[in-house]
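Every read-out reported here was derived from the displayed coordinates using simple, explicitly stated rules and does not represent laboratory data. From a predicted model like this one, the values you see are computed outputs, not experimental measurements. In this analysis, Cβ positions are derived from the backbone assuming ideal geometry, glycine residues included, and neighbour counts consider all displayed protein chains.
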Amino acid sequence: MALESYSMAARAEDGQRTREAALRRLTDVALLPASLTSPQERSVLDSVLAYAATRLDDTARLRLAERLAPQVEGPRELALALAFDKTEIARPILTESLLLKDGDLVHVAREGMDEHRALLAARRDLSSAVADVLIELGDTPLIVSLLENRTSQLSHRAVETLARRSAAEPELQAPLLARSELTLRLAQLMFWWVPSSMRLEILNRFTVERQNIHEAMEDLLAATFADTPLDIALSVVRRPAPVPKARLARLFGPGIDDFSGSLAMEANIRPETMFRILSDHGGEPLAVFAKAVGMNRKEFGDLIVMAVDMRKGGGLPAKGDLERIGELYDAISTDRADLALHCWDTALANEVLPSGVAET
């Protein structure tokens, strides 16, 4: 009985070796230079290989995947079959192989398992078409992995989608801010729901001195237009216009019924934007606004008190918060603050922020 079992095992092992040898020979022929075989012959070999590979054990399929991965030309149908295999077998194909085209990778992203999508997220030079599908179907950890893959390409639509999702999925915020595809408009929109450290990063990276723009467009920027949307758009590139001290003094004096609306009018921004600035508990928007409209340190302090009173917030911010926003007020230039202020005004014009964002 033992001898019979040994004999059966030996025959099975011989059969596996024979199958592997046949597959190796088929693969050798399939990988011959294109000049040595016709397209029709290569197609036949590819179909046979894709079917025969399912008869091999895991070790043999892995060796086959590793052999195919560095090839620029070869059996594409086989590569696609291996791409849907177990994670350890699919890995070299999905992360390296050039045999699969974007359409194939989109197919794997849509029809494969979460494990296949995770491998694709780490693929070098991943196209935006495949990234769009991963963002559509993937969970937050997968998208974080995709964002951290700096060789991946993101479409504008993807960045727009993720910027908005980052309000509810804070794990996306840091890797998204590190992406070069993030635009000034979307970064200034994210400003309203990211923590203080990221707000400072946004103000450092997504504001700029506009001296060259001002000099090149001086005559145009001095004009006003009956076209309100154009006027609002141009506010992002106009020179800062500090509020005269006499008018500021009246705003902080007694008898002002609509403090928020009056400030908005003086700063030439929308009342909704001004209300959001005053309602924000983080304090950074107050510092930016104060610098943009030319407030001095005392006026900035008065603005903080007025904002707290308006919010019925039950007291001034803690000492550490006051120091933090005071340092921001000192560090940011009037021109950069004015740019941020009017970017907020235009970015928020058609936005409905998630619930609770104003209380960040």
Exercise. Given 0.36 nm per residue, what is the gain on full extension from Arg247 to Leu56 after removing their alpha carbon distance, in nm?
Worked result: 60.5 nm
Exercise. What length, rounded to one decimal in nm, is gained on full extension from Ser197 through to His214, with 0.36 nm per residue of separation minus their alpha-carbon distance?
Worked result: 3.1 nm
Problem set entry | Sites Glu111 and Thr183, calculated FRET efficiency, Cβ-Cβ separation with R0 35 Å, nearest 0.05 | 0.60
Problem set entry | Length released on extending from Lys312 to Ser47, taking residue separation times 0.36 nm less the Cα-Cα span | 88.1 nm
Exercise. For region 318-324, what does the Karplus curve 6.51 cos²θ - 1.76 cosθ + 1.60, with θ = phi - 60°, yield as ³J(HN,Hα) per residue in whole Hz, taken in order and with x for Gly and Pro?
Worked result: 5, 4, x, 5, 4, 5, 5
Problem set entry | Karplus 3J(HN,Hα) series, Hz, for region 129-145 with 6.51 cos²θ - 1.76 cosθ + 1.60 (x for Gly, Pro) | 5, 6, 4, 4, 5, 4, 5, 5, 9, x, 8, 4, x, 5, 5, 4, 4
For this session: Can you list which of the chymotrypsin sites (Phe, Trp or Tyr not before Pro) found in region 126-227 are DSSP loop residues with at most 12 other C-beta atoms within 10 Å?
Result: Phe225
